[in-house]
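*Asks:* Sharing a structure, written as structure tokens. Questions coming.
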Amino acid sequence: MKKILDIKNLTIDFNTYAGRIQAVRNISFSLYEGEILAIVGESGCGKTVTSKSIMRLLPEATAQVNNHSEIIFDGQNVLKLKGKELKKIRGDEIAMIFQDPMSALNPTMKVGHQVAESLLIHTKITKKQAFKEAVQMLKLVGLPMAEKRAHEYPNQYSGGMRQRAMIAIALACKPKILIADEPTTALDVTIQAQIMKLIKTLQADLNTAIILVTHDLGIVAGMADRIQVMYAGQIIERGVREELFYDPQHPYTWALLRSVPKVSQKSKSQLYSITGTPPDLLYPPKGCAFAERCEYCMPICRKDPPVETIISKTQSVNCWLQHKDAPKLNKPSGLKGVIHGQSL
Amino acid sequence: MSKYMLKRLFSMFLTLFVVITIVFFLIRMVPGDPLASMARNLPEQVKANFYAEYGLDKPLITQYFIYMKHLLHGDFGESLVYLGQPIKEIILRAIPPSMVINIHALLWGVTTGIGLGILAAYKRGKWPDHLVMFIAILGVSIPSFVLATALQYLFSVQLNWLPTIGWTSEPGMKQFKYSIMPTIALSFGIIAVYSRYMRASVLDVLNQDYILTAKAKGVSGFSLAYKHVLRNSFIPAITILGPQIAGIIVGSFVIESIFGIPGFGQVYVSAITNRDFTQILGQTVIINALYIFSLFVVDIVYGLVDPRIRVFNK
Amino acid sequence: MQISKADFIIEGLITQTIDHKMRPSLTYGQDAWRRLKLNKIAMLSLFILIILTLMCILGPSLSGYDFKTTNTLQLNFPPSLQHWFGTDPLGRDLFSRVWQGGRISLLIGFIGTFICITVGTMYGGISGYIGGRADHYMMRVIEVLVSIPSLVMVILLSLYLGSGMLSLIIALTAFGWTSTARMIRGQVLQIKQQEFVLAAVSLGASTARIILKHLIPNTLGIIIVDITFTIPGLIFAEAFLSFMGLGVQIPNTSWGALAASARDNIMFYPYQLFFPSLMIALTMLSFSLLGDGLRDALDPKLRS
């Protein structure tokens, strides 16, 4: 498979009143043509910051992308692009769907025009044609009565319809990469499944690669080809879907899997939850970031950061438990069942 | 017309009615008799006739009903100071000069203010922002009578470029010269208010998610600014425009007095000093009516430009 | 890097950890103060306001001249070593007069603001907290009051009440509280809807507790900001009334009255207008900038 996006040593800091927050700490990963890559982690782990940085949408006043960071798309470093070149990529080659469809649409512009806008920018067509195509696009994403609805304003739409419109906007120019940042978090559970199914179908039709950012492992189980787990601004484990669900290696991944409710679970048993809170990224710990909350923490974990250990061609993990001197453990029970429990 | 509009219209008239009533009684309770100064030397009988003619001998409540009846017919009564002069005529005479000055000031002030506000928001934290905000704060920090006096001192006394005070009702170069200083004095405050307001509004819109959506589509430069940022940030500015448009007719008490412009404001101030009850009351009613009506218009305009508010379908 | 076998013994969760740096935990007030201190402009404004207040207290006795003693031999003297701000057409020392006037201006600002904020907060708080029909009617009353142009009403009231400090304050505050009331009501309505208040209610917290523990602390920020805008607003309004001859009466004076009377002599003695105007502008400027700084510092959204 062909690599279409290559991220190397991405480091992003935020300058705030309190000081410098290290939101993303030296991460590297690649995206392949037509695949769905999931980035999973709890809020504040840097997953949204990472996805926004690919589109260069971080606030320039406070966010600082380190100089040695590289985001290579189509042979060029996105981080170094200026003006027209950047405009060409945004919306045409890489598109994005945001978390909250309520606030992500312009309230004073008809939805049809909002979809048509990216067509007008990136293709040479007339306004009329663009609007027609926008209506087609709205039909494609399953908006009922698309012809009429295209003339309406976002406030006349329900949450699910707005997210469909967002998807239509994002996919209007048939981008090579779609970044979906928590696309269903703000929606009702029943709508969530519909939207995810829609994204998956369109992805197969258009052969778009997707970066799916989410905290919901249930969604990931049904969709992702590969999964990356992020914690405190770092990627701590990565692998294909089956590896991550059937043979996870990092205690944090274990904890995440155990905290997903399962159909098979006995009604009286308590749902597992991870104790504590993620570290303050104003002062990142010098050892493993998860050490504070890890049930298997060892003295070494607090002293030095773990290095990446290759498990298979596709899986690797950053954990001291992989060290030859570390004790061999039995994984906790309750890891399995997710992949069947909520697959779409 | 929708139910909402009717309701709105009804409450508008109700408010107006309550306000007129309050003002009527407040004014009539002010100590100091309007006829006192001129009737002082008159014989008792003539004095009594005077009072009877103006209805001042009747109980206050009767006076109130008489006044309201006349008001419904568009009759504001006669001046108590300039005998025989209908209030309506005095007011109609005073409106044009106020309008000339205020339209100038509003056009100049609003466009400059909006422009500076947008500039400041886009250059946030850089020197143009600091400069605009300095001007804006200065604009609300210097009393207008001080500014007006300083302008007179500079342009009339020191440089001798413009006439200190005065007015001519004939449009032309002379009128324009008379209007320059009052316009500057008035627009300074307007610029201050609008630049601050627009800056805050634009900054607010720039932080919205839909701006990220637009950027993610590849929208940039002028289209981003016009279609996405400005259109949304103008909407809140409409709120403060309403009362200001009412102000076009009402004029400015201070500025008109200082520059000797025979406008609505100056007439009002002199009515207060002369204790001309009917004049004060008439002008207050007009000010209130304009103010309340402008709020109503703002509501409607808001409903027209902002699709989130559906005034007409409710 | 030295690694020993001992480093690989599973300890699991340790509740008390040693070498873990946390950002210092601050109360809301401490955090706001810390951020305000970083704001140089706001701190400079605060400094200027303190100096102005001190001068108003001490100033009149510094020059050695009484503020109301006239001197026919020293009419309209320009600023000099003898008379630092010069003298007025009656030969009175302007330095003493400016600070004496400042006393009145600031006093009107402070007392008036205290009344406006107290009345406004109570009215708005009650209206917002009770809600429903009472709220509806209370807001109608305010609607009527604000649709009377404030300057007009102030003029009428001061005509009615006559001149003097007390009537001036009554006239200025009679309608000045409405904006505070509206703002507080909005804030209370908003807070009332929030989960933490609903949670407290459902846990059986008393009304008094909810008001004391939730509503007041959460409105304190905007009240403080409102104070910094009300004080200069009142000083300004007093200046306008003085300009129209409705302000403080002689022999007493205020910045507004000084500026207004100096207007007659602007052709020949511009310094007479300059000093009181400068004080008004400085006060307004400092309060506005301090208010802006406080708003930023107290904004919980900016806490980080």
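No value in this document is a laboratory result; all are computed from the given coordinates. In this text the structure is predicted, and so the values were computed from the model without any measurement. No Cβ is skipped: glycine too gets one built from the backbone with ideal geometry, and neighbour counts run over all protein chains shown.
*Asks:* Spin-label point model (7 Å from Cα, Cβ direction): what's the residue A:66 to residue B:25 distance in nm?
*Replies:* Computed distance between label sites residue A:66 and residue B:25 equals 7.5 nm.
*Asks:* Of all DSSP beta bridges located in the protein assembly as shown, what percent are antiparallel, nearest 5?
*Replies:* Here the share of antiparallel DSSP bridges comes out near 60 percent.
*Asks:* Next question, about the same structure. Please compute the contact order of chain B in relative form: average sequence separation of alpha-carbon pairs under 8 Å and at least six residues apart, divided by the residue count, as a percent.
*Replies:* Over chain B, the number comes to 28 percent.
*Asks:* Tell me which trypsin sites (Lys or Arg not before Pro) from segment A:38-122 have a DSSP coil assignment and no more than 15 other beta carbons within 10 Å of their own.
*Replies:* Sites meeting the loop and neighbour criteria: A:82.
*Asks:* Next question, about the same structure. Using a ≥ b ≥ c from the Cα gyration tensor of chain B (square roots of the eigenvalues), is it rounded, prolate or oblate, where a/c under 1.5 gives rounded and otherwise the larger of a/b and b/c decides, a/b for prolate?
*Replies:* oblate
*Asks:* Testing the spin-label approximation: label points 7 Å from Cα along Cα→Cβ at residue B:240 and residue B:293. State their distance in nm.
*Replies:* 2.5 nm
*Asks:* OK, next. So who's got an amide H within less than 5 Å of the one on residue A:32, skipping anything under 5 residues away but keeping other chains? H placed 1.01 Å off N, in plane.
*Replies:* A:4
*Asks:* Counting DSSP beta bridges in segment A:1-128, what percent are antiparallel, to the nearest 5?
*Replies:* About 95 percent, rounded to the nearest 5.
*Asks:* I need the Kirkwood Rh of the protein assembly as shown: take the reciprocal of the average 1/r across all distinct C-alpha pairs and report it in angstrom.
*Replies:* 33.2 Å
*Asks:* Okay, next question. Taking each residue in B:216-228, count the Cβ atoms of any other chain within 10 Å of its Cβ, then average. What number comes out?
*Replies:* Average neighbour count from other chains, rounded to a whole number: 6.
*Asks:* What number results when the radius of gyration of chain A, computed over Cα atoms, is divided by 2.2 N^0.38 Å?
*Replies:* It is 1.04.
*Asks:* Kindly put B:44, A:85, A:308 in sequence by how many other C-beta atoms sit within 10 Å of each C-beta, fewest to most.
*Replies:* The fewest-first ordering by Cβ neighbours comes to B:44, A:85, A:308.
*Asks:* Roughly how many Å is it from the Cα centre of segment C:91-130 to that of segment A:57-126, as a whole number?
*Replies:* 52 Å
*Asks:* Write down the Kirkwood hydrodynamic radius of segment B:96-275, to one decimal in angstroms, obtained as one divided by the mean of 1/r over all alpha carbon pairs.
*Replies:* Radius from the Kirkwood sum: 17.9 Å.
*Asks:* What angle, in degrees between 0 and 90 and rounded to the nearest 10, separates the Cα long axis of helix C:271-298 from the longest principal axis of the Cα atoms of chain C?
*Replies:* 10 degrees
*Asks:* Placing unit charges on C-beta atoms (Lys and Arg positive, Asp and Glu negative, everything else neutral), compute the dipole magnitude of chain B about its Cα centre in debye, rounded to 20.
*Replies:* 1280 debye
*Asks:* Now for a separate question. Report D for segment A:86-192 in µm² per second (integer): Stokes-Einstein, Kirkwood Rh on Cα pairs, 25 °C, 0.890 mPa s.
*Replies:* 180 µm²/s
*Asks:* Put +1 on the Cβ of each Lys and Arg and -1 on the Cβ of each Asp and Glu in segment B:96-275; which of B:250, B:270, B:107 then has its Cα farthest toward the positive end of the dipole?
*Replies:* Of the listed residues, the answer is B:107.
*Asks:* Okay, moving on. Kindly provide the chymotrypsin sites (Phe, Trp or Tyr not before Pro) of segment B:216-313 that DSSP labels as loop, not H, G, I, E or B, and whose Cβ sees at most 14 other Cβ atoms within 10 Å.
*Replies:* Filter output for segment B:216-313: B:312.
*Asks:* Taking the Cα atoms only, what angle lies between the long axis of helix C:40-58 and the longest principal axis of chain C, rounded to 10 degrees?
*Replies:* It works out to around 40 degrees.
*Asks:* Based only on other Cβ atoms within 10 Å, what is the fewest-to-most ordering of A:189, B:81, A:141?
*Replies:* In order of increasing Cβ crowding within 10 Å: A:189, B:81, A:141.
*Asks:* Same structure, new question: To the nearest 0.05, what FRET efficiency results for residue A:328 and residue A:205 with a Förster distance of 60 Å applied to their C-beta separation?
*Replies:* Using R0 = 60 Å, I get an efficiency of 0.85.
*Asks:* Between residue B:49 and residue B:4, what is the spin-label point distance in nm, taking each point 7 Å from the Cα along the Cα→C-beta axis?
*Replies:* It is 6.0 nm.
*Asks:* Another question, if that's okay. Once you order the gyration tensor axes a ≥ b ≥ c over the Cα atoms, which shape class does segment A:152-226 get: rounded for a/c under 1.5, otherwise prolate or oblate by comparing a/b with b/c?
*Replies:* oblate
*Asks:* Which loop-located GluC sites (Glu not before Pro) does segment A:25-73 contain, where loop means any DSSP state but H, G, I, E or B and the Cβ has at most 14 other Cβ atoms within 10 Å?
*Replies:* A:33, A:60
*Asks:* Also: Taking a ≥ b ≥ c as the square roots of the eigenvalues of the Cα gyration tensor of segment B:130-171, is the shape rounded (a/c under 1.5), prolate (a/b larger than b/c) or oblate?
*Replies:* In terms of gyration-tensor shape, prolate.
*Asks:* What residue among C:90, C:48, A:89 has its Cα farthest toward the positive end of the dipole of the protein assembly as shown, where the charges are +1 on Lys, Arg and -1 on Asp, Glu, each on the Cβ?
*Replies:* A:89
*Asks:* Ok, one more. Can you pull the mean other chain C-beta count within 10 Å for peptide B:144-151?
*Replies:* Mean partner-chain Cβ count within 10 Å for B:144-151: 6.
*Asks:* Work out, in µm²/s and without decimals, the Stokes-Einstein translational diffusion coefficient of segment C:133-260 at 10 °C, 1.306 mPa s, Rh from Kirkwood over C-alpha pairs.
*Replies:* Translational diffusion coefficient: 93 µm²/s.
*Asks:* Under a Cβ-only charge scheme (Lys and Arg +1, Asp and Glu -1), can you give me the dipole magnitude of the protein assembly as shown about the Cα centre, in debye to the nearest 20?
*Replies:* Charge dipole of the protein assembly as shown: 2100 debye, to the nearest 20.
*Asks:* Sort C:106, C:36, A:271 so the one with the fewest other Cβ atoms within 10 Å of its own Cβ comes first.
*Replies:* Ranking C:106, C:36, A:271 by Cβ neighbours within 10 Å, fewest first, gives A:271, C:36, C:106.
*Asks:* Amide H neighbours of residue A:39 under 5 Å, at least 5 residues apart or on other chains, H built in the peptide plane: list them.
*Replies:* Amide H neighbours of residue A:39: A:212, A:213, A:214, A:228.
*Asks:* Considering every residue in B:204-212, what mean count of other chain Cβ atoms within 10 Å of its Cβ is obtained?
*Replies:* Averaged over the peptide's residues, the number is 4.
*Asks:* Let me ask something else about it. Between residue A:247 and residue C:13, what FRET efficiency comes out of the Förster formula 1/(1 + (r/R0)^6) with R0 = 30 Å and r the beta carbon distance, rounded to 0.05?
*Replies:* 0.80
*Asks:* Ignoring everything except DSSP H segments at least 4 long, calculate the 222 nm mean residue ellipticity for chain A; use -39,500 (n - 2.57) per segment, divide by total residues, nearest 500.
*Replies:* Computed ellipticity for chain A at 222 nm equals -8500 deg cm²/dmol.
*Asks:* So what is the relative contact order of chain A, in percent, for Cα pairs below 8 Å that sit 6 or more residues apart?
*Replies:* Result for chain A is 19 percent.
*Asks:* Go ahead and run the numbers for FRET between residue A:28 and residue B:200, Cβ-Cβ distance against an R0 of 51 Å, rounding to 0.05.
*Replies:* That gives a FRET efficiency of 0.80.
*Asks:* Something else now. Take each uninterrupted DSSP H stretch in chain B, measure its Cα extent along the helix axis, and return the ones at 24 Å or beyond whose mean Kyte-Doolittle hydropathy is at least -0.5.
*Replies:* B:3-28, B:87-122, B:173-206, B:231-250, B:277-305
*Asks:* Right, here's the next one. Taking chain A as a Gaussian network, Cα atoms linked when under 10 Å apart, which of A:94, A:195, A:121 shows the biggest mean-square fluctuation?
*Replies:* Maximum among the listed residues: A:121.
*Asks:* Let me ask something else. On a 0 to 90° scale, report how tilted helix C:177-193 is relative to the longest principal axis of chain C, with both axes built from alpha carbons and the result rounded to the nearest 10.
*Replies:* Taking the Cα atoms of chain C, the angle to C:177-193 is about 0 degrees.
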